[in-house]
Amino acid sequence: MNAFLHQLALGVPLFALILLGYLLMRVGGWPKAMSHHLTTFVFSVGLPAMLFRMMSDLSKLPPVDGRLLIAFFGACLIVFVVGRLVAWKLFGLDGIGQSVFGVGCIFSNNIMLGLPLAKASLGDQAIPSVALVLVFNALVLWSLVSLSVEWHRHGSLSFKGIRDTLKGVLRNPIILSILAGSAFGLTGASLPEIVDSPLRMVGQTGMPLALVALGMSLADYDLKDEWRLSLGIAGLKLLLLPLLVFGLARLIGLPEQETRVIVLLGSIGLGANVFLMARQFKAVEGGMAGALIISTMCSAVTTPLFMALLSHF
């Protein structure tokens, strides 16, 4: 119980920032443009500055066991298949709906929620592991749902979707900052103070503003539409995914630090990208919007719970 309360206390300030953003929109009546502009700043400037600066010290950071990708994305693949079956058998969705439902069960909000939580509860040494997942996350999961939808539509796989996804990933400021920072870090050089100081100041704004922006974006969604679908997605995402991530991590003998990171990333709420997927494929839009809110709220409890349970292993 003490371990759970400790983890819960670490997360309270972060979720308070999410609530602040939500209230600014719903109670304060801030225009939607504010949410858009803040999110753009966070993704294009704040978080990239922080990640580049951290990864520029790569030679001084602890090494990362690359097998964490097997445990994390292996569990994602299993849950995706389970999610498709649930969407088919329980909700009667077609192939496109099943694909969107399935990816909703595995797409975590790693940037706006996972990164701040990992830093707060596991420290700076967790950042390289989070960064490694971030590099592959969008590419793997967008490709997975795109291929699944293409298979349903045409009965065959299309690699055009993978090519377009790869181009989008390589243009992502978050991914570019991780890759550029890592490349600089491998040289063993140090950033000059004239560069390091402004990067540090801008980077310090990234994570708190990311949480406020997340709360502001949640204010756009409604819990009423397709609430059964929302509960189904959130349940598989918050419970089954982290359990399978932990199981695979134990099976392959993943070190403690990497195990904690990927279980944390598996246990947090959905990322807003899944709602964009739902809109793009015109399927499960209401259910995905509700799942965003439900999973983000519930992860305030489920994530500390999983972190506390890990302390006993």
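The values are calculated or read from the model by the stated rules, or taken from the named source; none is laboratory data. Here the structure is a predicted model, which means the values were calculated and not measured. Quick reminder, even Gly has a Cβ in these numbers, built from the backbone with ideal geometry, and neighbours come from all protein chains shown.
Yes/no per residue for (1) free of Cβ contacts under 8 Å to residues at least 60 places away in the same chain; (2) touching a Cys at 6+ places or on another chain (Cβ under 9 Å); (3) crowded, with 21+ Cβ neighbours inside 10 Å; (4) not in a helix (DSSP H, G or I):
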| position | (1), (2), (3), (4) |
| --- | --- |
| Leu20 | no, no, no, no |
| Trp30 | no, no, no, yes |
| Ala49 | no, no, yes, no |
| Phe52 | no, no, yes, no |
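On the basis of being part of a loop (DSSP other than H, G, I, E, B) and either at pLDDT 90 or above or surrounded by fewer than 17 Cβ atoms within 10 Å (Cβ to Cβ) (or both), does Phe306 make the cut?
No, not satisfied.
Scan the stretch 243-260 and tell me whether some residue there is in a helix (DSSP H, G or I) and within 13 Å of the chain's Cα centre (by Cα). Let's see the steps before the verdict.
Restricting attention to the stretch 243-260, the residues satisfying the condition of being in a helix (DSSP H, G or I) are 243-251, 256-260.
The next check asks that each one be within 13 Å of the chain's Cα centre (by Cα); those that pass are none.
No: the stretch 243-260 contains no residue that is in a helix (DSSP H, G or I) and within 13 Å of the chain's Cα centre (by Cα).
Which residue, of Ile178, Ile233, Ile174, is among the β-branched types (Val, Ile, Thr), closer than 20 Å to Gly104 by Cβ and modelled with pLDDT of 70 or more?
Working: Ile178 fails: closer than 20 Å to Gly104 by Cβ; Ile174 fails: closer than 20 Å to Gly104 by Cβ.
Unique residue meeting the criteria: Ile233.
Return the pairs, sorted by first residue and then second, in which the second residue is hydrophobic (A, V, I, L, M, F, W, C) and outside any helix (DSSP H, G or I), the first residue lies in the stretch 198-221 and is buried (at least 21 other Cβ atoms within 10 Å of the Cβ), the beta carbons are less than 6 Å apart, and the residues are 6+ apart or on different chains.
Ser217/Ala272
For the stretch 279-290, state whether one or more residues are within 17 Å of the chain's Cα centre (by Cα), surrounded by 19 or more Cβ atoms within 10 Å (Cβ to Cβ), over 11 Å from Gly104 (Cβ atoms) and touching a residue at least 24 places away in the same chain (Cβ under 8 Å).
The answer is no; no qualifying residue exists.
Go through the stretch 262-271 and count every residue that is among the β-branched types (Val, Ile, Thr) and at pLDDT below 95.
Number of matching residues: 1.
For Leu248, indicate whether it is at pLDDT below 90, surrounded by fewer than 24 Cβ atoms within 10 Å (Cβ to Cβ) and under 23 Å from Arg84 (Cα atoms).
On the way: at pLDDT below 90: no; surrounded by fewer than 24 Cβ atoms within 10 Å (Cβ to Cβ): yes; under 23 Å from Arg84 (Cα atoms): yes.
No; evaluated as a whole, the condition is false for this residue.
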